[in-house]
1. Identify, please: which residue in region 620-647 is out of contact with any Asp or Glu (no Cβ under 8 Å at 6 or more places or on another chain) and open to solvent by 30 Å² or more (accessible area, probe 1.4 Å) and is, among those, modelled with the lowest pLDDT?
2. Within region 303-322, which residues are of a type outside the set (S, T, N, Q) and touching a strand residue (DSSP E or B) at 6+ places or on another chain (Cβ under 8 Å)?
3. Examine region 594-608 for a residue that is over 30 Å from Arg345 (Cβ atoms), in contact (Cβ under 8 Å) with a residue 24 or more places away in the chain, assigned to a helix (DSSP H, G or I) and open to solvent by 30 Å² or more (accessible area, probe 1.4 Å), and state whether such a residue exists.
4. Looking at (1) within 30 Å of Ile154 (Cα to Cα); (2) open to solvent by 20 Å² or more (accessible area, probe 1.4 Å); (3) touching a residue at least 60 places away in the same chain (Cβ under 8 Å); (4) in a helix (DSSP H, G or I), which is the one condition that is false for Thr401?
5. Of all residues in region 141-154, which are part of a loop (DSSP other than H, G, I, E, B) and buried (at least 18 other Cβ atoms within 10 Å of the Cβ)?
6. Find the residue count for region 232-256, including only residues that are closer than 17 Å to Ala274 by Cα, surrounded by fewer than 21 Cβ atoms within 10 Å (Cβ to Cβ) and modelled with pLDDT of 85 or more.
7. Restrict the check to region 204-219 and report whether at least one residue is hydrophobic (A, V, I, L, M, F, W, C) and either within 16 Å of Ala316 (Cβ to Cβ) or modelled with pLDDT of 65 or more (or both).
8. Would you point out which residue out of Leu446, Leu409 is assigned to a strand (DSSP E or B), surrounded by 20 or more Cβ atoms within 10 Å (Cβ to Cβ), within 29 Å of the chain's Cα centre (by Cα) and touching a residue at least 60 places away in the same chain (Cβ under 8 Å)?
Amino acid sequence: MDSTRVTEQPTSFERPQPGVDPADPRGAFPRSPAPAAGTGAALPAQGRSGGEPPAPGAVTPGGPGPDTADGPASEHSQPGAGPDAEPDAPRPRPAPDGIPVQPADGQGRVDRPPGGKDRRTGQVTRPGRPTPMRRDGDRLRFVGAATRRIARGIDLDEIVMGLCRATVPTFSDAILVYLRDPLPVGDERPTGPLVLRLRRTDRIPAERDTEGGGFMPIAPPEQPSELDSVGEELCTVRPGSALAEVLRGVRPVFTDAPAARAALPELLGEEGAAAVPDGQRAVLAPLRGRRRVIGAALFLRRPERTPFEADDLLVAAQLATHSALGIDKAVLYGREAYIADELQRTMLPETLPRCTGVRLASRYLPAAETARVGGDWYDAIPLPGSRVALVVGDVMGHSMTSAAIMGQLRTTAQTLAGLDLPPQEVLHHLDEQAQRLGVDRMATCLYAVYDPVAHRITVANAGHPPPVLLHLGGRAEVLRVPAGAPIGVGGVDFEAVELEAPAGATLLLYTDGLVESRLRDVWTGIEQLREKLAATAQLTGPDHPPPLEALCDEVLDMLGPGDRDDDIALLAARFDGIAPSDVAYWFLEPEDAAPGRARRLARRQLSRWGLEDLSDSVELLVSEVVTNAVRYASRPVTLRLLRTDVLRCEVGDDVPQLPRLRQARATDEGGRGLYLVNRLARRWGATRLSTGKVVWVELNHG
């Protein structure tokens, strides 16, 4: 059991009780004495709605009752308040940032009590020092302003910074904030020892010491303070130590208490503990979250400044409580944001594939740091025949549900692409899948297939913004593709169009977050995108297309400050194509002579390309694959050779069964051909088509 585990205790905000030491090492808060019979409890000063003076002997809000035989009125009474006081005395007014300031008279002079001895409280007052009742009201205003500033933070650094900025120099001259390392998240139970790490420290600069501020006066230091030497980076809390006992007590304590004084060397080190001012000039406040202590805050005042009072422990308790709860929520929110971000990233392709005849680049931007999960996705899927499928989609909504639906639709699109279905059929099956996922599961999607041999692209659209094609000469055009209905509507047909895809052109697929916002409609954004692409292409000249990565960055630069209302997925494809001189294609009848003819055709083509060194390997591979094809095929077998950065051989037939490696027995006459293919080829594979299958092999060439 963790010895540093603490028990939740209520926090008291009552007035000090006589005979109770506020610096008690047990951390107990003082309580106020019960009011005398016949008298009302002293209340903070409040404004009056009218100008009538109070009735004689009546207890007024913010004023004392009549003096009794037991002595003067409460020490918390407002000096000068009584039957003879002015009814509409000026009230302290808060500054714009919430820090109280003293009221001024009609001539602009600050109304401060004179020096001397207060006849009611018996305390010695100095010029410029607020009276007790005024300090009480200022404390309340300070706590309200400070807690609001802390609550504005949404992450860990903002909350800790809000605590530091709210307290320095108004409440203290310096603050040190220690947090548990690592911070527990939610219901996690730490397994290791309690380790505190110095998260942040703020100190008032020397040149600002004379400015004053807050509800306590700040005296200018006569010499450099030793507060700059306070603090150690790391502290391990030993079970049963003095620091562990102070943290267990939960409530703030003055450091002149024996237990707190013994805990300082463990927290700050010997040198840091020696630099802490003596007396009630330092407050150690444990930071307790919902279930356990998560840190500590040390408030320090220089020796030249008024020391802390018992009521300042209540202020420190409020600051510590709000900060600890805010830190707890910030850590939990940070974990949830991390999980959501990882979910989104893992559902997008980690890297784009290297496809023959096309170069690819992509970008993804979430809508905002506070809404990191969305339904936008993109994909590039290699297809048989050196083709590639380009996909971009957008699930409606920004939530974990949208991301989950996006992952399911993307997986479905990859599976359908592997079947080599036409683009319109892929969208039709995606529409059916979205309806099976549930009602209101809607998305837009654009699916395109690029053939580098034919230099053509086939596009089908389901309610998505149209793609933009940037030609080599710098002309950018919005492709006319039938919009179609979004995925999930059901009962609609999708139409595909086939367009030219010249070499050197760039196709840009995107989601509506790039072109639509609160400041512009989608068609205005598409026109701006087209103009941006044309202007970027002019920079590189008519004969050289802009680099893909730089082009993506330029496209994202068109976004203004108010244009990030939605996620953005961007996929750019540069069409290089495959020249006709690098392609050889034949039809072979399914007969016994087909393997021999395939070997001769491959040998002659390699001789034309100057790749005679690969003749032996290619002849063996082609012979094995063609032999397997003609054994079961009923229609002509296709043989194609493509010369790109690798030499690719493709054999197609009308048999849907895919070949698999299997262990041949010693008595089998066949079953060893694929082992030769697997040993000689750089890569090989088989893809099922709607009309059969294609078996392909790749070899490196010089």
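The values are calculated or read from the model by the stated rules, or taken from the named source; none is laboratory data. Every value quoted in this text rests on a predicted model; they were computed, and no experiment measured them. FYI the Cβ positions are ideal-geometry reconstructions off the backbone, even for glycines, and counts take in every protein chain you see. SASA here: full protein model, heavy atoms, side chains in, ligands and nucleic acids out. Shrake-Rupley method; radii C 1.70, N 1.55, O 1.52, S 1.80 Å.
1. Ranking the candidates gives Asp645 first.
2. Result: Phe308, Asp312, Leu313, Ala316, Ala317, Leu319, Ala320.
3. Checking region 594-608: at least one residue is over 30 Å from Arg345 (Cβ atoms), in contact (Cβ under 8 Å) with a residue 24 or more places away in the chain, assigned to a helix (DSSP H, G or I) and open to solvent by 30 Å² or more (accessible area, probe 1.4 Å).
4. (3)
5. Kept after step one, since they are part of a loop (DSSP other than H, G, I, E, B), are these residues of region 141-154: 152-154.
Scanning region 141-154 gives a single hit, Gly153.
6. 2
7. Applying the first criterion (hydrophobic (A, V, I, L, M, F, W, C)) to region 204-219 yields 204, 206, 215-216, 218-219.
From what is left, the residues that are either within 16 Å of Ala316 (Cβ to Cβ) or modelled with pLDDT of 65 or more (or both) are 215-216.
The answer is yes; a qualifying residue exists.
8. Result: Leu446 is the single residue among Leu446, Leu409 that is assigned to a strand (DSSP E or B), surrounded by 20 or more Cβ atoms within 10 Å (Cβ to Cβ), within 29 Å of the chain's Cα centre (by Cα) and touching a residue at least 60 places away in the same chain (Cβ under 8 Å).
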